[in-house]
Amino acid sequence: MPKYISKDGLEKLKVELKELETVKRKEIAKRIEEAKSFGDLSENADYLEARESQAFNEGRIRELEETIKNAVLIEEDKVAGTTVEVGDTVEVQNEKGQKITYTIVGSDEADPVKNKISNESPLGRAFLFRMPGEMVEAITPVGRSKYKILNIK
């Protein structure tokens with residue numbers, strides 16, 4: 001499945017991957033070697049914790065490699081189209097008449113506090129491929145919500 005991500009978001013993932021592959025791996029390997037020097041590994045809490053850290057680190061490396069491999073860059077300077085797409089900022093009006101602006105982003109960059117919603121979220125999916133003037137309905141954790149799309153930027 002493609003992972004939509006901005007250029008900046010992709011760069012951050014690449015930096016994190018490099019850090020985990022170089023610095024973090026070396027730190028963990030050193031901790032494992034130190035813990036081994038204490039003797040009996042079966043009751044060595046330092047060794048067990050270092051091995052858990054190693055497993056977590058390697059899992060995160062695999063996750064980042066997969067995300068980077070399947071990344072689909074969001075065009076940041078594109079002209080707004082006639083329908084909502086990933087990367088667009090959409091202005092909507094809710095049932096209470098409040099205007100809200102959301103940016104549709106990939107799941108790795110979602111930040112609901114900043115109104116950056118994932119294209120995979122119920123609200124994000126409801127907005128995708130819709131046009132200004134359309135009413136959309138989404139079932140969210142707080143219940144059923146209706147929005148009118150006002151503008152696409």
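The values are calculated or read from the model by the stated rules, or taken from the named source; none is laboratory data. Please read all numbers here as calculations on a predicted model, not as lab measurements. Methodologically, a virtual Cβ is constructed for each residue, glycine included, from the backbone with ideal geometry; neighbour enumeration extends over all protein chains shown.
If you go through region 34-74 one residue at a time, how many are part of a loop (DSSP other than H, G, I, E, B), surrounded by 13 or more Cβ atoms within 10 Å (Cβ to Cβ) and not aliphatic (A, V, I, L, M)?
So the answer is 1.
Within 30 Å of L17 (Cβ to Cβ) and touching a Phe, Trp or Tyr at 6+ places or on another chain (Cβ under 6 Å), is that true of V136? Full working, then the answer.
Details: within 30 Å of L17 (Cβ to Cβ): no; touching a Phe, Trp or Tyr at 6+ places or on another chain (Cβ under 6 Å): yes.
Answer is no for this residue.
Would you be able to tell me the number of residues in region 83-116 that are over 27 Å from K18 (Cβ atoms) and surrounded by fewer than 18 Cβ atoms within 10 Å (Cβ to Cβ)? Going through region 83-116 one residue at a time, the tally reaches 15. Residues in region 99-135 that are in contact (Cβ under 8 Å) with a residue 24 or more places away in the chain and over 15 Å from D88 (Cα atoms): K99, D108. In the set (1) at pLDDT below 90; (2) exposed (fewer than 13 other Cβ atoms within 10 Å of the Cβ), the condition left unmet by A80 is number (2).
Answer yes or no as to whether G124 is surrounded by 11 or more Cβ atoms within 10 Å (Cβ to Cβ) and either under 18 Å from A138 (Cα atoms) or in contact with a Ser or Thr (Cβ under 8 Å, 6 or more places away or on another chain) (or both).
Values: surrounded by 11 or more Cβ atoms within 10 Å (Cβ to Cβ): yes; either under 18 Å from A138 (Cα atoms) or in contact with a Ser or Thr (Cβ under 8 Å, 6 or more places away or on another chain) (or both): yes.
Here the answer is yes, as G124 does meet what is asked.
Can you spot a residue in region 87-107 that is of a type in the set (D, E, K, R) and under 30 Å from E11 (Cβ atoms)? Within region 87-107, one or more residues are of a type in the set (D, E, K, R) and under 30 Å from E11 (Cβ atoms). Taking R130 as the residue in question, decide whether it is among the basic types (K, R), in contact with a strand residue (DSSP E or B) (Cβ under 6 Å, 6 or more places away or on another chain) and either more than 29 Å from L13 (Cα to Cα) or in a strand (DSSP E or B) (or both). It is true that R130 is among the basic types (K, R), in contact with a strand residue (DSSP E or B) (Cβ under 6 Å, 6 or more places away or on another chain) and either more than 29 Å from L13 (Cα to Cα) or in a strand (DSSP E or B) (or both).
So which of V92, V86 ends up being within 24 Å of P132 (Cα to Cα) and in a strand (DSSP E or B)? First the steps, then the outcome.
On the way: V86 fails: in a strand (DSSP E or B).
Only one candidate qualifies: V92.
Here Y102 passes the criteria (1) modelled with pLDDT of 95 or more; (2) touching a helix residue (DSSP H, G or I) at 6+ places or on another chain (Cβ under 8 Å); (3) not assigned by TED's automatic domain parsing to the domain that holds L128 except the one numbered (3). What single numbered condition from (1) modelled with pLDDT under 95; (2) under 18 Å from the mean Cα position of the chain (by Cα); (3) surrounded by 14 or more Cβ atoms within 10 Å (Cβ to Cβ) fails to hold for S145? Checking S145 against (1) modelled with pLDDT under 95; (2) under 18 Å from the mean Cα position of the chain (by Cα); (3) surrounded by 14 or more Cβ atoms within 10 Å (Cβ to Cβ), the one that fails is (2).
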